[in-house]
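Here the structure is laid out as structure tokens; the discussion comes afterwards.
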Amino acid sequence: MEMCEIEIQSAQEGPTLLILAGVHGDEYEPILAAIELSAILKDKLKKGTVVILPVVNKSAYYAGTRCGTDGLDLARSCPGNSSGSSTLQDAANVSKLILECDYLIDLHTGGQLFDLFPLAGYMLHPNKTVLAEQRKMAKAFGLPLVWGTDALPEGRTLSIARDANIPAIYVEYAGPGPVKVNVVNSYIHGCLNVLALFDMLEDYRSEVNDIQYTVEDHEPDSGFLQQKMLSPADGIFVPKVFPGEIVKKGQLWGLIYALPIIETHQVYADADGLVLFIRSQPRVNKEESLGGILSV
Ligand SMILES: [Zn+2]
């Protein structure tokens, strides 16, 4: 597979949209959607340019892991360093591409660790024009949750876009297990919907959107997924809720079976709200995240 960027240029001048996949090497639906999109857009792009980077962190993809073989998470490594380790080089490459685009979409899933409720997210950008564009893109993408969170995070692809006032969104959907064709298709349609929003497509009727929740949360770290519902013990996690379920505080979230002497810990929902994500890897260490709840 070609690991470099794919550029689809139309005859008419217009904006450049950058689509990223494989920032995390164990998130496969985004990579497949990106490759399929590059084929679809060859005869569908009417205006502007689409640049697609199907595998941003190459060593992470080859290892089948979230992080690169240097141990680094690309989504914490931007703007990178072109003479650094592999992830830092890939981060430098993608950061350069971001600065050359007008709009950015970064496709993710929960990887092998988390199962996520489908969402299109953005940073609550201090610039009102950029924020308004991001809200429109996230809404157009058409996933059930539209989610704005604080603009403080560093090291993300979205941080590079933020600092350059480039409207940017990221999307998340499911994660573990075999490839889910419905996720691939949602991502293809979502990207086409955003392109249609900018009038960049020939003969395209936007897919019906299925937005159920729109949430904006200005709390610092509101978008940071790995810090919620911590495991009380080392053991095996058995979930009792699923993504998208509405839970009440105190409801049973799951059980931890601690070995070698089996001791069962019950874990309860720590708030009312929507099950945004749940841990899907059974083996868990104390203090690792078992999932997260979003107040809706
Ligand atoms: Zn990811």
Alpha-carbon centroids, the range 105-175 and the range 21-79: separation in whole Å
16
Leaving out ligands and nucleic acids, note down the accessible area per residue over the range 143-201 with a 1.4 angstrom probe, in whole Å².
30
If the chain between residue 152 and residue 127 were fully extended at 0.36 nm per residue, the gain over the current Cα-Cα distance would be 7.6 nm
Using a 1.4 Å probe on the protein chains only, how many percent of the accessible area of the chain belongs to carbon and sulfur?
52
With a 10 Å radius around each residue's Cβ, average the other Cβ atoms per peptide and rank 242-251, 182-191, highest first.
182-191, 242-251
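How high is the relative contact order of the chain, in percent, with contacts defined as C-alpha pairs under 8 Å that are six or more residues apart?
With pairs under 8 Å counted, the relative contact order is 17 percent.
Based on the inverse mean of 1/r over its pairs of different Cα atoms, what is the Kirkwood hydrodynamic radius of the chain, in Å?
19.6
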For 83, 231, 280, the accessible-area ranking with a 1.4 Å probe, largest leading, is 83, 280, 231
Classify the range 25-184 as rounded, prolate or oblate from the Cα gyration tensor: take a ≥ b ≥ c as the square roots of its eigenvalues, call it rounded if a/c is under 1.5, otherwise prolate when a/b beats b/c and oblate if not.
rounded
If I ignore ligands, DNA and RNA and count only protein heavy atoms, how much of residue 78 is accessible to a 1.4 Å probe, in Å² to the nearest 10?
10
Per residue, how many Å² of accessible area does the range 228-294 show with a 1.4 Å probe?
51
Is the C-alpha gyration tensor of the range 150-247 telling us rounded, prolate or oblate? Criteria: a/c under 1.5 is rounded; beyond that, a/b larger than b/c is prolate, otherwise oblate.
oblate
For residue 214, what accessible surface area do you get with a 1.4 Å probe? Give it in Å², rounded to 10.
100
MRE, 222 nm, helices only [DSSP H, n ≥ 4, -39500 (n - 2.57), over the chain, to nearest 500]:
-8000 deg cm²/dmol
The range 228-294: C-alpha gyration tensor shape, a/c 1.5 cut-off, then a/b vs b/c
prolate
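Of the beta bridges DSSP finds with both residues in the chain, what % are antiparallel, to the nearest 5?
Once the DSSP bridges in the chain are tallied, antiparallel ones form about 55 percent.
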Assuming R0 = 41 Å, can you tell me the calculated FRET efficiency for the pair residue 246 and residue 199, based on Cβ-Cβ distance, to the nearest 0.05?
0.65
Helix 128-141: angle to the longest alpha-carbon principal axis of the chain, degrees 0 to 90, nearest 10?
80
Can you give the percent of C-alpha pairs in the range 191-254 whose distance is more than 17 Å?
68
Computed accessible area, residue 61, all protein chains, 1.4 angstrom probe, square angstrom
70
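If the only charges are +1 at each Lys and Arg Cβ and -1 at each Asp and Glu Cβ, what is the size of the charge dipole of the chain around the Cα centre, to the nearest 20 debye?
I would put it at about 320 debye.
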What order do 265, 218 take when sorted by accessible area (1.4 Å probe), most exposed first?
218, 265
HN-Hα J couplings of the range 265-282 from phi, Karplus 6.51/-1.76/1.60, θ = phi - 60°, integer Hz, Gly and Pro as x?
10, 8, 10, 10, 4, 9, 6, 7, x, 8, 6, 7, 7, 9, 5, 10, 8, x
Just tell me which lysines come within less than 20 Å, Cα to Cα, of residue 58; anything on the same chain fewer than 8 places away is out.
96
Sort 16, 69, 157 by heavy-atom solvent-accessible area, probe 1.4 angstrom, most to least.
69, 16, 157
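The values are calculated or read from the model by the stated rules, or taken from the named source; none is laboratory data. Computed from a predicted structure; not experimentally measured. Note that we place each Cβ from the backbone using ideal geometry, even for glycine, and neighbour counts take in every protein chain shown. Accessible surface is based on the protein model in full, side chains and every heavy atom, while ligands, DNA and RNA are left aside. Shrake-Rupley method; radii C 1.70, N 1.55, O 1.52, S 1.80 Å.
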